[in-house]
1. Working only within the range 268-277, note down all residues that are under 9 Å from LEU339 (Cβ atoms) and part of a helix (DSSP H, G or I).
2. Scan (1) more than 30 Å from MET308 (Cα to Cα); (2) touching a residue at least 40 places away in the same chain (Cβ under 8 Å) for the single condition THR129 breaks and write down its number.
3. In the range 65-122, what count of residues is obtained for those that are among the β-branched types (Val, Ile, Thr) and farther than 19 Å from ALA173 by Cα?
4. For the range 296-323, enumerate the residues that are within 25 Å of GLN45 (Cα to Cα) and surrounded by fewer than 17 Cβ atoms within 10 Å (Cβ to Cβ).
5. Output the helices (runs of 4 or more DSSP H) that fall wholly within the range 278-371 and possess 1 or more residues being of a type in the set (Asp, Glu), within 24 Å of VAL98 (Cα to Cα) and touching a residue at least 24 places away in the same chain (Cβ under 8 Å), or say none.
6. Mind checking which residues of the range 217-228 are buried (at least 24 other Cβ atoms within 10 Å of the Cβ) and either at pLDDT below 95 or within 21 Å of the chain's Cα centre (by Cα) (or both)?
7. When you scan the range 229-241, do you find a residue that is touching a residue at least 40 places away in the same chain (Cβ under 8 Å), outside any loop (DSSP other than H, G, I, E, B) and surrounded by fewer than 22 Cβ atoms within 10 Å (Cβ to Cβ), even just one?
8. Testing SER180 on (1) in contact with a strand residue (DSSP E or B) (Cβ under 9 Å, 6 or more places away or on another chain); (2) closer than 18 Å to SER83 by Cα; (3) among the hydroxyl-bearing types (Ser, Thr, Tyr); (4) part of a helix (DSSP H, G or I), one condition comes back false. Which one is that?
Amino acid sequence: MRMFSKAATAGALLALAFASSAAAQDNILIGVQVPTTGPEATYGQDMANAVVIAQEELNKSGGVLGKQFAMVIGDSACDPQQSVNAASKLVSQKVIGVVGGYCSGATLPTLKIYGDADVPFVITASNSTKLIPANPGNAFMINSTGDEQATKAVEFLGGKGIKTIAIVNEGDAYSQDLASLTRDAWTKAGNKVVSYETVNKGEQDYSAIVTAIKATNPDAVFWTAYYADGGLLIRQLRQAGYQGVIAVGDGSNSSKLFDIAGRAAEGVFAFSNPTAEFLPAAKSFIQTYKAKFDSAPGPYAPLTYDGMRLLAWAIEKAGSTNPDKIIAALKTAHNQEWLAGPISFTDKNTLARSNFIVLEGKNGAWARAAE
């Protein structure tokens, strides 16, 4: 049975309190689509906690349109079917908008549900390019997309003189998208992908993959999936004697990677969205988060906080909770900024800039890498 931390429990209870308050007081109810169960639950609860903080700040300043904000969580569990169920339930609860979206594969099937219901959806973590053509026009992505991450990976690894890489993904919408985008960009730059592997989520024994990778002797290995499995692969690669560069995508930028990989994570590079400890504007947010939840904010807390603030900004600008007016307002966002940098959108409702940074594992934690 999964045991939740104090932070998770506090966030969940407060979310329920907000939801109850909404029903009683006709507040502006916001849906929060995140995984609160399953292997990525830590990320999801962290994102929900960030919405709690944003809503509390908004409510203390008077709310919007004379109303207070409230929230209700839809647990996606990073599973497509459960995510569809969660999205349908949020729509039935008549949420004014939705914030969140972590695993791209679980976010993808919800786009039609929110689109059919005309519900504004601010996507704060999911970044597969597969989301773009599936977007009916009501969803807005404030994390840079996978093609931007692939570009960052090629530029950084190429700058280190790396010529050959092995790429490992898990076949889901996020990791496969990033893997294929990186493969194409890497070969276009005149380099070689000597091994392209797909593994099963939840794998424990990577010996066959490790053997295959060592046989091709790549200069670097790029893991494009999530930290829970990535930590195991990294540890097993190092235990088998692989000495090349190891890099991971933003799905593995959690501090928990170090718990799983141990010292093997030293020197690992991560292509990451902007996280709180590296954002000057997030100092007060970090203090508030630690005081409230007795832990540090995770990798997607700043973006999710910004997502809630952006949705509130759009409601206020629209002067209404009418979804079409809110969606129209979101399209006009021009360098709106809270914690993670300016937000403007392309004509495809994606972030109009790259927000990726490079981190390096040092002394059991992430540090900014020299770029």
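The values are calculated or read from the model by the stated rules, or taken from the named source; none is laboratory data. Quick caveat, the model's predicted, so the values are computed rather than measured. Here the Cβ positions follow ideal geometry from the backbone for every residue, glycine too, while neighbour counts run over all protein chains shown.
1. Across the range 268-277, the qualifying residue is only ALA276.
2. The single condition THR129 does not satisfy is (1).
3. 8
4. Residue satisfying the conditions is ALA296 alone.
5. Filter on the range 278-371 gives 301-318, 323-331.
6. PHE222, TRP223, THR224, ALA225, TYR226, TYR227
7. No, the range 229-241 contains no residue that is touching a residue at least 40 places away in the same chain (Cβ under 8 Å), outside any loop (DSSP other than H, G, I, E, B) and surrounded by fewer than 22 Cβ atoms within 10 Å (Cβ to Cβ).
8. (2)
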